[in-house]
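One structure is given below, encoded as structure tokens.
The values are calculated or read from the model by the stated rules, or taken from the named source; none is laboratory data. Here the structure is a predicted model, which is why all the values come from computation and not from measurement. Cβ placement follows ideal geometry from the backbone for every residue including glycine, while neighbour counts extend to all protein chains displayed. Side chains are part of the model used for accessible areas, which takes the heavy atoms of the whole protein and leaves out ligands, DNA and RNA. Shrake-Rupley method; radii C 1.70, N 1.55, O 1.52, S 1.80 Å.
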Amino acid sequence: MAFLQVNVYSNVLEMEVMLNVILPQQTKKRLGTNTKGATEDIAVLYLLHGMQGNHSVWARRTSIERYVSGMEMAVIMPSTDLGWYTDTTYDMNYWTFISEELPVICHELFPQLTTKREKTFAAGLSMGGYGAMKLGLRHPERFAAVASLSGALALAESVDNLLEIRGKVYWEGIFGPLDEIKGSENDLIYLISQQKIETAPRFFITCGTEDALYPANTYAMKKMQEQGLVVTFEDGPGEHDWAFWDQWIQRVLAWINE
């Protein structure tokens, strides 16, 4: 595997953005006398961070590089600050960056990455779980499967819960008036209700049973089931922490390859 730390310029954000990238590397150790291997059409996983993280946190807190070793899969880990994968009201368009510009940049820099839906995936934890599910729900034509680990999947259902994390000014800077989130393009529960079964990706939701977001995750799962979407829900002992995410990203990778 090759592990790359990449600094790119985003025209959308008008700033430098950091990415960590894991790429399959063809070596004699892996391939023996067959040194050609797969050098194109490589599957890609966009792996998103949470509120307290950045592009480096998955690599620092988990063994993601080791877990994907041997898989013909690239992992793209971008930094998106505290923007909630949303085009904010303060004119920082993180959603446009992550959903439109980032794939173009990655395919320009790494042309061996696939452009096929069936080999393109997204996953993330907490805020990143929200972002990954949003990618799958708003762009089902691009993703074969998306996964959320301890995601904030029902944030529009309880504004009070948001205000326990940060103040009103912060949240309205991200989403606009709090009473307008529900039913908007930033409301995952609303997006679930609009999703067409025949074009939707596969979904995976996991959350620790001791996590404060556990009720939100089970609620989102039930809404998906009611909509007839293909969703796998698995839980286990754990809190909102890296011990849980390091364990369950391994299950997510196995599920992607099922």
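For segment 101-125, give me each residue that is outside any helix (DSSP H, G or I), under 16 Å from the mean Cα position of the chain (by Cα) and either surrounded by fewer than 23 Cβ atoms within 10 Å (Cβ to Cβ) or of a type in the set (D, E) (or both). Correct list: T120 only.
The number of residues in segment 172-181 that are closer than 22 Å to K223 by Cβ and in a helix (DSSP H, G or I) comes to 4. Taken over segment 232-242, the criterion of being open to solvent by less than 30 Å² (accessible area, probe 1.4 Å) and not in a loop (DSSP other than H, G, I, E, B) is satisfied by G236 alone. Hey, could you check segment 129-185 for residues that are in contact (Cβ under 8 Å) with a residue 40 or more places away in the chain and of a type in the set (K, R) and say which is surrounded by the most Cβ atoms within 10 Å (Cβ to Cβ)? Among them, the one singled out is K134.
Restricting attention to segment 132-166, the residues that are outside any helix (DSSP H, G or I), of a type in the set (G, A, S) and at pLDDT below 95 add up to 1. Checked against (1) surrounded by fewer than 19 Cβ atoms within 10 Å (Cβ to Cβ); (2) part of a helix (DSSP H, G or I); (3) in contact with a Phe, Trp or Tyr (Cβ under 9 Å, 6 or more places away or on another chain), S193 passes all but condition (3).
So how many residues does segment 90-100 have that are open to solvent by less than 30 Å² (accessible area, probe 1.4 Å), out of contact with any Phe, Trp or Tyr (no Cβ under 7 Å at 6 or more places or on another chain) and of a type outside the set (G, A, S)? Residues that pass the stated criteria total 1.
Selection over segment 198-214 of residues that are out of contact with any His (no Cβ under 6 Å at 6 or more places or on another chain) and touching a residue at least 40 places away in the same chain (Cβ under 8 Å) gives a count of 11.
What number of residues in segment 46-100 are part of a loop (DSSP other than H, G, I, E, B) and at pLDDT 95 or above? Number satisfying all stated conditions: 22.
Listed conditions (1) open to solvent by 20 Å² or more (accessible area, probe 1.4 Å); (2) closer than 24 Å to R61 by Cβ; (3) not in a loop (DSSP other than H, G, I, E, B) are all met by E210, apart from (3).
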